[in-house]
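Below you'll find the structure, written out as structure tokens, and then a few comments.
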Amino acid sequence: MTNKTKGFIEAMISSCTFGMIPLFSMPCLASGMDTVSVITHRYGLACLAMLVITLCQGQNLKISFSDAWRIFVLAIFNNLGAFTLIYGYQFMDSGAATTIQFSYPVFTCIIMMMFFHEKLTLRTAIAIVLAVVGVACLSGYEPGGQCSAWGVFIELMAGLTYAIYLVLVPMLKVRKIESSKLTFYVFLFSTLQLVSVSPFSGGLVTASSPMIFINLLLLGLIPTAVSNFTLIMGLKQIGSTLTSILGALEPLTAMLIGVFVFKEKFTVVIALGFVAIIVSVLLLILQKSEQEEAVE
């Protein structure tokens, strides 16, 4: 098997496993756990997994104070993105919710245009229009739909906060930190932040049964630790463009899980919304790739 083939497989595993967040989080929410408790367990368990991976790679865990506060800021937006994504599942179908959150590249472009004076190209304009159409189609204006305006708003906030996270990574100059080590510290600070705010949400709720604990364990391992680790490996083998394109498997996985596991609605309008957002994101990814090639 060639390195490129391995890279494709790793990138596909990353996006598909990330799309499994609803599969493991929704049973926990249904059991009575609040969103803060769910994502605290998610990042706490993922932190332990990434610690093992980082140590097995022989890395030194030491970081400077300047790196620590930068990672602390990243963890804030990481938590906001995770919280809004999972919290939104209570107000709309998980497949549609994950697809709306996947529009974060559109938010990234808007942020770069508003604050960093990037030019609005025709392709970017088309992508933004497609994203708006896609969100409208997924917003539930159809008989039998279970979506709500509040749910759509929350998932848009999930996309926005993740976009801010992506913009901050190069701005805060943490790219020099090895990827798995950076991921470990983001998870660590995310967990500490969540524990510190948990008293304001009623305190941390633990698993009410062995099956719920298994779901929490799998949530921390598969769509968090495994997805992030295979993402790093895929990026090294096939680069950011192809890895980003294969990221479209994330909302597809979530949509399939929603339909076949949770019996969520899948109509022609929802399908059109899904396709519109995927095409919108792919347009932006390909445009970014062409711009990077032109600079080189």
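Multiplying the residue separation of residue 168 and residue 271 by 0.36 nm and subtracting their alpha-carbon distance yields 33.8 nm.
Which translational diffusion coefficient, to the nearest whole µm²/s, is obtained for the chain from the Stokes-Einstein equation, given a Kirkwood hydrodynamic radius over C-alpha pairs, 37 °C and 0.692 mPa s? Can you show the working numbers first?
Values: Rh = 19.6 Å.
Once the numbers are plugged in, D ends up at 168 µm²/s.
This ranking places 42, 123, 70 by how few other beta-carbon atoms lie within 10 Å of each, fewest first, which gives 123, 70, 42.
Order of 104, 89 from fewest to most other C-beta atoms within 10 Å?
Lowest to highest Cβ neighbour count: 104, 89.
Using R0 = 22 Å, the C-beta based FRET efficiency linking residue 260 and residue 148 works out to 0.45. Evaluate the Kirkwood expression for the hydrodynamic radius of region 1-148, namely the inverse of the mean inverse distance over all pairs of different C-alpha atoms, and round to one decimal in Å. So the Kirkwood estimate lands at 18.6 Å.
Expressed in nm to one decimal, what extension gain is obtained for the pair residue 290 and residue 192 from 0.36 nm per residue of sequence separation less their Cα-Cα distance? Show your work: numbers first, answer last.
Numbers: separation 98, 0.36 × 98 = 35.28 nm, distance 3.98 nm.
Length difference between fully extended and current span is 31.3 nm.
Qualifying trypsin sites (Lys or Arg not before Pro) in region 168-216, where qualification requires a DSSP coil assignment and no more than 10 other C-beta atoms within 10 Å, comprise 175, 176. The residue among 278, 210, 255 whose Cα reaches farthest toward the positive pole of the charge dipole of region 176-296, with charges on the beta-carbon of Lys, Arg, Asp and Glu, is 210. Estimated at 0.36 nm per residue, the fully extended path between residue 125 and residue 31 surpasses their Cα-Cα distance by 29.6 nm. Please find, in a Gaussian network model of the chain (springs between Cα atoms separated by less than 10 Å), the residue of 207, 75, 248 whose mean-square fluctuation is greatest. Result: 207 has the largest fluctuation of those listed.
A short reminder: the numbers here are calculations on the coordinates, not readings from a lab. No experiment lies behind these values; they were computed from the predicted model shown. Ideal geometry is used to build each Cβ from the backbone, glycine not excepted, and the neighbour counts take in all protein chains shown.
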